[in-house]
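Q: Below is a structure I'd like to ask you about.
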Amino acid sequence: MRLRPFVLTILIGPAAAGMALADEPGPPAFKAGFAERDITPAIGMEMPGNYGKAYHKSIHDPCKVRASVFDDGRSKVAIVGVDGLGIRRDTVVKARRAIREKTGIAEGSILVGASHSHSSGPLMMVMPGEYDHAPELVRKLAYEESSNADPGYVARVEAAITDAVNEAHERRVEAKVGVGKGVEATVAFNRRFRMKDGRTVTHPGLGNPEIVEPAGPVDPEVGVVGAWDAKAPGKLLGCVVNFSCHATTGGPGASASYIHYLEKVIRGYYGQDCVVVFEAGASGDITQVDNRSPYKYPGGDRWSQIVGGKVGAEALKVLLAMEPGTPAPVDARSKVWKARRRPPSPARVEAALAIVQGDRKKVDPADWTFAKETVLLDALIRKEPAVEVEVQAVQVGPAVFVTTPAEYFCRFGLEIKAASGFPFTFPVSLANGCVGYVPTEDAFGPDGGGYETRLTSYSNLDIAAGTRMRDAGIELARQLKPGAVPEPPRRPSTFTGKIWPYGNNRPERE
């Protein structure tokens, strides 16, 4: 009788323990969702990408908003790509707020990057009313002689960003996610060169004998995050692709530029349902133009096909080789501050006014354009001497996307990669706002110069702004802890002692 309680304890104890283990929740399921929206501009709308007016006369391929949502069961992030020259800060702020209210995704965990397509819709440049505070001459230069955004189109893109993320959130399913990178080193080139006279020149011309060497590096890495439906092996829900090259390859008509062909390659293998989100790398000084090539530049749409096709093919190779898994955690950090604009000198403003008030036919078109930009910048600084800047780090397991709102020089992106602490680091330019070109500080030195250092109403931040963005991005990335890189199953490490009999033989000469 004394043993009975003890025996009962033995019988009941393990059963109770088994029930407790069964009731314990396992790790939350990792989920991902993707969606897209069409934002193709209408014929007749302004086409950005220049300091003057140009209009869409045809449509070559659709411009889109493409959205992804990653959810590790504890937190969520959204990564969005927009086929646009840039994205306005207020557009991002409004879309983020609406997305948070619908999905609960924190505003600082939503990344909105622009592809920088020069053949996209009127999402950027001068907004109606932006120069109403200025004299009549300045208003005329801003509204009649400059590229203008279309408020209706801006509102349409804002709604498309919101809707695409909301749908991606609703479409989340249990997913296996992989991260990888490849190299495509034949389609993107630094466009800035050191010349024999000591100057730095942007696009000195095909085969110019005065070229000494490129003034900066390139980044040929193709970064990829892919998500597969966990319950339908082989079904790619979507992917995020990161590459550093200006989207200036578009042929005739409205276009997403080479991103259209990048998407086409990946969808050609995985099907039309997968969504391809593109994020532009640090490419402020990187384009498809090889100034040292002995050959003519490709014409029409050919350049888009070459760049997009090759980058898409490399991204596809990465997707095929990566091992999908559960890349927790997802997380995000961001830092926001006011960056000071650098003002033109009074003497420069006075000279610029003389040019724009004089006979335009007697002035070189480039000189007139940059005189106009000097006058506009002077008026803009009087109203807004500093601009809001956000740097963000968005993590998906072992990968981190580090953003700036700039046409950011490639060297900065490489420095962020080297110091982030992550095995996969993907710099994203023109994200969460647009502040124009942000060169390295040496570009403003005695041997510097070039197009990107010009003072305009578009590009005008303090010379040290790029360094501060780099340091902030590295700091934010280092606040996050990389997740494990998914690996394929390992084989047993012990040798069985057997060699394949068909291959275990001496040479046979006769």
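The values are calculated or read from the model by the stated rules, or taken from the named source; none is laboratory data. Everything numeric here is computed off the predicted structure, so don't read it as measured data. Note that each Cβ is placed from the backbone with ideal geometry, even for glycine, and that neighbours are counted across all protein chains shown.
Q: Among the numbered conditions (1) modelled with pLDDT of 95 or more; (2) of a type outside the set (Phe, Trp, Tyr); (3) surrounded by fewer than 22 Cβ atoms within 10 Å (Cβ to Cβ); (4) out of contact with any Lys or Arg (no Cβ under 9 Å at 6 or more places or on another chain), tell me where Cys410 comes up short.
A: (3)
Q: Here is a follow-up. Among the candidates Ser293, Ser283, Ser345, single out the residue that is over 20 Å from the mean Cα position of the chain (by Cα), among the hydroxyl-bearing types (Ser, Thr, Tyr) and at pLDDT 95 or above. I'd like the intermediate steps shown before the answer.
A: Values: Ser293 fails: at pLDDT 95 or above; Ser283 fails: over 20 Å from the mean Cα position of the chain (by Cα).
Going through Ser293, Ser283, Ser345 in turn, just one is over 20 Å from the mean Cα position of the chain (by Cα), among the hydroxyl-bearing types (Ser, Thr, Tyr) and at pLDDT 95 or above: Ser345.
Q: If you take the residues of segment 474-510 that are of a type in the set (A, V, I, L, M) and under 28 Å from Ser420 (Cα atoms), which of them is surrounded by the most Cβ atoms within 10 Å (Cβ to Cβ)?
A: Initial filter on segment 474-510 (of a type in the set (A, V, I, L, M)): 474, 476-477, 480, 484-485, 499.
Now drop any that are not under 28 Å from Ser420 (Cα atoms), which leaves 474, 476-477, 480, 484-485.
Details: Ile474: 20, Leu476: 22, Ala477: 24, Leu480: 19, Ala484: 12, Val485: 17.
For segment 474-510, the residue satisfying everything is Ala477.
Q: Are any residues in segment 167-178 under 18 Å from Val330 (Cβ atoms) and either in contact with a Ser or Thr (Cβ under 9 Å, 6 or more places away or on another chain) or not basic (Lys, Arg) (or both), and if so, which ones?
A: Answer for segment 167-178, where residues must be under 18 Å from Val330 (Cβ atoms) and either in contact with a Ser or Thr (Cβ under 9 Å, 6 or more places away or on another chain) or not basic (Lys, Arg) (or both): Ala168, His169, Glu170, Val173, Glu174, Ala175, Lys176, Val177, Gly178.
Q: Restrict the check to segment 436-452 and report whether at least one residue is closer than 21 Å to Lys181 by Cα, assigned to a loop (DSSP other than H, G, I, E, B) and not acidic (Asp, Glu).
A: There is no residue in segment 436-452 that is closer than 21 Å to Lys181 by Cα, assigned to a loop (DSSP other than H, G, I, E, B) and not acidic (Asp, Glu).
Q: Identify, from the list Leu480, Leu455, the residue that is in contact with a Lys or Arg (Cβ under 8 Å, 6 or more places away or on another chain), over 30 Å from Arg66 (Cα atoms) and not β-branched (Val, Ile, Thr).
A: None of the other options fit; the residue is Leu455.
Q: So in segment 89-130, with the set limited to residues that are assigned to a helix (DSSP H, G or I) and among the aliphatic types (A, V, I, L, M), which one is nearest to Val165 (Cα to Cα)?
A: As a first pass, look at segment 89-130 and keep what is assigned to a helix (DSSP H, G or I): 89-103, 107-109.
Then drop every residue that is not among the aliphatic types (A, V, I, L, M), which leaves 92-93, 95, 98-99.
Working: Val92: 12, Val93: 14, Ala95: 9, Ala98: 10, Ile99: 7 Å.
Among those that are assigned to a helix (DSSP H, G or I) and among the aliphatic types (A, V, I, L, M), it is Ile99.
Q: While we're looking at this one, here's another question. Quick one: count up the residues across segment 138-197 that are outside any helix (DSSP H, G or I) and within 22 Å of the chain's Cα centre (by Cα). Reasoning before the result, please.
A: To start, the set of residues in segment 138-197 that are outside any helix (DSSP H, G or I) comprises 145-150, 171-197.
Applying the additional criterion that residues be within 22 Å of the chain's Cα centre (by Cα) yields 149, 177-192.
So the count comes out to 17.
Q: Give segment 47-70 a look and list any residue that's assigned to a strand (DSSP E or B) and in contact with a His (Cβ under 8 Å, 6 or more places away or on another chain), or say none.
A: Selection gives Val69 alone.
Q: Does Ala443 count as crowded, with 23+ Cβ neighbours inside 10 Å, under 15 Å from the mean Cα position of the chain (by Cα), on the phi < 0 side of the Ramachandran plot and not polar (S, T, N, Q)?
A: It is false that Ala443 is crowded, with 23+ Cβ neighbours inside 10 Å, under 15 Å from the mean Cα position of the chain (by Cα), on the phi < 0 side of the Ramachandran plot and not polar (S, T, N, Q).
Q: Could I ask something else about it? For the condition of a type in the set (D, E, K, R) and closer than 30 Å to Met127 by Cβ, what is the one hit in Arg491, Arg411, Arg454?
A: Arg454
Q: Let me spell it out: the conditions are (1) in a helix (DSSP H, G or I); (2) within 26 Å of Arg192 (Cα to Cα); (3) in contact (Cβ under 8 Å) with a residue 60 or more places away in the chain, and Pro294 meets all of them except one. Which number is the exception?
A: For Pro294, the exception is condition (1).
Q: Of all residues in segment 182-197 being over 20 Å from Lys296 (Cα atoms) and in contact with a strand residue (DSSP E or B) (Cβ under 9 Å, 6 or more places away or on another chain), which is surrounded by the fewest Cβ atoms within 10 Å (Cβ to Cβ)? Let's see the steps before the verdict.
A: Going residue by residue through segment 182-197, those that are over 20 Å from Lys296 (Cα atoms) are 182-184, 194-197.
Remaining after also requiring in contact with a strand residue (DSSP E or B) (Cβ under 9 Å, 6 or more places away or on another chain): 182-184, 194-196.
Numbers: Gly182: 20, Val183: 12, Glu184: 19, Arg194: 19, Met195: 17, Lys196: 10.
Within segment 182-197, the match that is surrounded by the fewest Cβ atoms within 10 Å (Cβ to Cβ) is Lys196.
Q: What are the pairs with Cβ atoms under 6 angstrom where one residue, in segment 461-472, is closer than 8 Å to Glu441 by Cα and the other, located anywhere, is of a type in the set (Asp, Glu) and modelled with pLDDT of 95 or more? Sequence gap at least six, or different chains.
A: Ile463/Glu441
Q: For Val218, are the conditions met, namely being part of a loop (DSSP other than H, G, I, E, B), aliphatic (A, V, I, L, M) and modelled with pLDDT of 95 or more?
A: Values: part of a loop (DSSP other than H, G, I, E, B): yes; aliphatic (A, V, I, L, M): yes; modelled with pLDDT of 95 or more: yes.
Against the criterion (part of a loop (DSSP other than H, G, I, E, B), aliphatic (A, V, I, L, M) and modelled with pLDDT of 95 or more), Val218 qualifies.
Q: Looking only at segment 460-481, count how many residues are over 19 Å from the mean Cα position of the chain (by Cα), part of a helix (DSSP H, G or I) and acidic (Asp, Glu).
A: 1
Q: Would you point out which residue out of Ala282, Ala354 is surrounded by fewer than 16 Cβ atoms within 10 Å (Cβ to Cβ), within 30 Å of Leu376 (Cβ to Cβ) and not β-branched (Val, Ile, Thr)?
A: That would be Ala354, the only listed residue that is surrounded by fewer than 16 Cβ atoms within 10 Å (Cβ to Cβ), within 30 Å of Leu376 (Cβ to Cβ) and not β-branched (Val, Ile, Thr).
Q: Go over the candidates Val277, Val212 one by one and state the one that is assigned to a strand (DSSP E or B) and either without any contact (Cβ under 8 Å) to a residue 12 or more places away in the chain or under 15 Å from the mean Cα position of the chain (by Cα) (or both). Break it down into steps so the answer makes sense when it comes.
A: On the way: Val212 fails: either without any contact (Cβ under 8 Å) to a residue 12 or more places away in the chain or under 15 Å from the mean Cα position of the chain (by Cα) (or both).
Testing whether each residue is assigned to a strand (DSSP E or B) and either without any contact (Cβ under 8 Å) to a residue 12 or more places away in the chain or under 15 Å from the mean Cα position of the chain (by Cα) (or both) leaves just Val277.
Q: Could you tell me whether Glu373 is acidic (Asp, Glu), in a helix (DSSP H, G or I) and either modelled with pLDDT of 95 or more or farther than 28 Å from Pro135 by Cβ (or both)?
A: yes
Q: Every residue in segment 297-322 that is in a loop (DSSP other than H, G, I, E, B) and under 25 Å from Tyr270 (Cβ atoms), please.
A: Going residue by residue through segment 297-322, those that are in a loop (DSSP other than H, G, I, E, B) are 297-301, 322.
Correct list: Asp301, Met322.
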